[in-house]
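Peer 1: One structure coming up, written as structure tokens, with questions to follow.
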Amino acid sequence: MKALVIAIFLLSTAAGAEDTRQSVTLPAPAQEVLRQEMLDNLVAVSEILSLMAAGKVREAGDVAESKLGRSAMGKHRDKPFEARPGPHMPPAMHGIGMDGHQAASEFAAAAKTGDRDKAMALLPNLTSACVACHFSYRTR
Ligand code: HEC
């Protein structure tokens, strides 16, 4: 995943100001749900960083699992189809999202043991999927 992010970064830098990201059109309700979810993601990342800095490693793991990890998957399942972002994404884009949930759960598993060093080593993976998706896709 890290190599992917670096490759995408180099590509985008080479392209200069031109926006070469793939444009994806989601139905308006799905886009609105996604936007809210993204703001929640941002808050979750910030919370996790603060908890790690405060030495509250297990708590950081709890937040990571519940808000970003596999436990956070499928929460739009009961919404009308046009309000569910996942099924309207190209498979590769959706896959990056799945990788992100996976990475958050791996961090969470390490953090929940209270092993700070192990959790710290996995912490950067929390934002790899955010970067990979944002550098590859846009919705407007
Ligand atoms: C699978 C792709 C994907 C992943 C993974 C992803 N995002 Fe996003 N994100 C998007 C798209 C698409 C939008 C644009 C939504 C819209 O159309 O308003 C967006 C928008 C945002 C926004 C702007 C919201 C606004 O106010 O309009 C923030 C902040 C954000 N993402 C944070 C994150 C963070 C933090 C992560 C990782 C924890 C993350 N995203 C992971 C696809 C993704």
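Peer 1: Add -39500 (n - 2.57) for each DSSP H run of 4 or more in the chain, then divide by its residues: what number comes out at 222 nm, to the nearest 500 deg cm²/dmol?
Peer 2: Numbers: 6 runs with 84 residues, N = 140.
One gets -19500 deg cm²/dmol as the mean residue ellipticity at 222 nm.
Peer 1: OK, next. Quick check for you: with a 1.4 Å probe and neighbouring chains kept, what is the accessible area per residue of the range 29-138, in Å²? Show your work: numbers first, answer last.
Peer 2: Working: 5860 Å² over 110 residues.
In whole numbers, the range 29-138 has 53 Å² accessible per residue.
Peer 1: What are the residues whose amide H is under 5 Å from the amide H of T139, where those residues sit 5 or more places off or on another chain and H is modelled from the backbone?
Peer 2: V24
Peer 1: Tell me, how many Å apart are the Cα centres for the range 48-77 and for the range 97-140?
Peer 2: Cα centroid to Cα centroid, the span is 10 Å.
Peer 1: Using mean Cβ contacts within 10 Å as the protection proxy, how do 45-51, 131-137, 76-82 order, highest first? The partial results should precede the final answer.
Peer 2: Numbers: 45-51: 16.6, 131-137: 18.4, 76-82: 11.4.
The packing order, highest mean first, is 131-137, 45-51, 76-82.
Peer 1: Roughly how many percent of the accessible protein surface of the chain is carbon and sulfur, given a 1.4 Å probe and a whole-percent answer? Let's see the in-between values first.
Peer 2: Numbers: 4860 of 8200 Å².
With neighbouring chains kept in place, the figure for the chain is 59 percent.
Peer 1: Given contacts defined as C-alpha pairs under 8 Å and at least six residues apart, what's the relative contact order of the chain, whole-number percent? Walk me through the numbers on the way to the answer.
Peer 2: Working: 161 pairs, mean separation 52.5, N = 140.
The value is 37 percent.
Peer 1: Excluding residues on the same chain fewer than 8 positions from K56, give the lysines whose Cα lies under 30 Å from its Cα.
Peer 2: Result set, ordered by chain and number: K2, K67, K75, K112, K118.
Peer 1: Now a separate question. Does the range 29-138 classify as rounded, prolate or oblate by the C-alpha gyration tensor (a ≥ b ≥ c root eigenvalues; a/c under 1.5 gives rounded; else a/b over b/c gives prolate, otherwise oblate)? Please list the in-between numbers first.
Peer 2: Details: a/c = 2.24, a/b = 1.92, b/c = 1.16.
It is prolate, given that a/c is not under 1.5 and a/b is the larger ratio.
The values are calculated or read from the model by the stated rules, or taken from the named source; none is laboratory data. As the structure is a prediction and not an experimental result, all values here were calculated from the model. Glycine also receives a Cβ, built like all others from the backbone with ideal geometry; neighbour counts cover every protein chain displayed. The accessibility values were calculated without ligands, DNA or RNA, using every heavy atom of the protein model including side chains. Shrake-Rupley method; radii C 1.70, N 1.55, O 1.52, S 1.80 Å.
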